[in-house]
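The values are calculated or read from the model by the stated rules, or taken from the named source; none is laboratory data. This one's a predicted model, so the numbers in the text were calculated from it and none came from an experiment. When we count neighbours, we look across all protein chains shown, and the Cβ atoms used for this are built from the backbone with ideal geometry, even at glycine. Ligands, DNA and RNA are excluded from the accessible area calculation, which covers all protein heavy atoms including side chains. Shrake-Rupley method; radii C 1.70, N 1.55, O 1.52, S 1.80 Å.
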Amino acid sequence: MAKLPVVARRKPNQSMRLIVVTIVGVVFGFFIGISFPTVSITKLHFPSSIVSYIEDKNSGLSAQAILNHAWTAARNARGNGSEPNTNDTLKIYVPTNPRGAESLAPGIVVPESDFHQHRLWGNPDEDLPFKPKYLVTFTVGISQKENINRAVKKFSRDFAILLFHYDGRVSEWDEFEWSKRAIHVSVRKQAKWWYAKRFLHPDIVAAYEYIFIWDEDLGVDHFNGDKYIKLVKKYQLEISQPGLEPDKGLTWQMTKRRGDRQVHMVTEEREGWCSDPHVPPCAGFVEIMAPVFSKDAWRCVWHMIQNDLIHGWGLDFALRKCVEPAHEKIGVVDSQWVVHQVVPSLGNQGQSENGRAPWEGVRERCRKEWGIFQTRMAEAEKAYYEMMGVTPPNVTFVS
């Protein structure tokens, strides 16, 4: 009798072991796979035998499509923990950087500058063993050279000097030793506020605690720059000017020197000139002849200066918009005072028309600018209040 073939049977425990090992291997492989950085499946290359085998077994789909599907499923399983695309990670965008510099790393951005002069040699970090704390600017012509020389000597080395030349004559100032260290800007036939708008941007003068923007015809026999700064700091004045000698060149009572005090912030004017004792010209007011600004106040004032209104008339009545409370932060320093010599040197840079002197045309332009500035300010504030749905306050300007 023929023997039946013997068929070997697996024991139940061996089958179970095989199933468990298979499951563990699949799970282990899955977690190993999702732990790798995200890569494009199209960049993976498989042996042609594997690709052919996959395509034979799945004739309805290409091998690449199957692999892409598997890889996508693995990526989705990782959820929100997936790593961003490499290109997005390396792209810099910092919205808090200055406008136009958003693509720069913050550590390389330098938004502010100054008028400190550097050497052409040596180590940059050794260029400036001393840095001036304050900036004094004068708008000058050569005819006032001696007066400016006297004025500059009233300021210590803590003050940087910047001259704006409206007559184009710069080299003639080199006879003064201080002039060789000063900054000179020369543009013919321009006024002080034209220069200020274009060369004293707040980010350029941010290194200086206070900025003096002075006319050229000031007598300074009773003035000292360091003492002036001490008083400004003592009384916490954001906008100020030295008191004016009462007997010459005086327009407003507010700027008249008081002999019985160091500083004053309020005054009494002619009847009807002040609708409120805390508004110009009774308070919150200095003239544009010799103003001194803290760097914070100047940042606001600079933005208020109009590009086309170069004489600045009317600006003095609006300075209070930039400090709060204005009747406490704007004042006149009485114990450090100057004399307004009323020299129409810039006026002589005008043009004679219809038989009138050059200065007459300049003065007429100043008055026109005052009216234009008042109108612009009033219209701007009216538009703002209307946009906000608020009734605008009544404002009275002196003209």
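Note on the stretch 354-374: residues that are open to solvent by 40 Å² or more (accessible area, probe 1.4 Å) and among the aliphatic types (A, V, I, L, M) total 1.
Listed here are the residues, each with its yes/no results for (1) surrounded by fewer than 21 Cβ atoms within 10 Å (Cβ to Cβ); (2) touching a residue at least 60 places away in the same chain (Cβ under 8 Å).
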residue: ARG181; (1), (2): yes, yes
residue: GLN190; (1), (2): yes, yes
residue: LEU200; (1), (2): no, yes
residue: GLU216; (1), (2): no, yes
residue: LYS230; (1), (2): yes, no
residue: PRO242; (1), (2): no, yes
residue: VAL263; (1), (2): yes, yes
residue: VAL266; (1), (2): yes, yes
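When SER275 is tested against (1) small (Gly, Ala, Ser); (2) over 31 Å from the mean Cα position of the chain (by Cα); (3) buried (at least 16 other Cβ atoms within 10 Å of the Cβ), exactly one condition is not met: (3). What do you reckon, is ILE305 touching a residue at least 12 places away in the same chain (Cβ under 8 Å), closer than 25 Å to PHE138 by Cβ, among the β-branched types (Val, Ile, Thr) and surrounded by fewer than 19 Cβ atoms within 10 Å (Cβ to Cβ)? Against the criterion (touching a residue at least 12 places away in the same chain (Cβ under 8 Å), closer than 25 Å to PHE138 by Cβ, among the β-branched types (Val, Ile, Thr) and surrounded by fewer than 19 Cβ atoms within 10 Å (Cβ to Cβ)), ILE305 qualifies.
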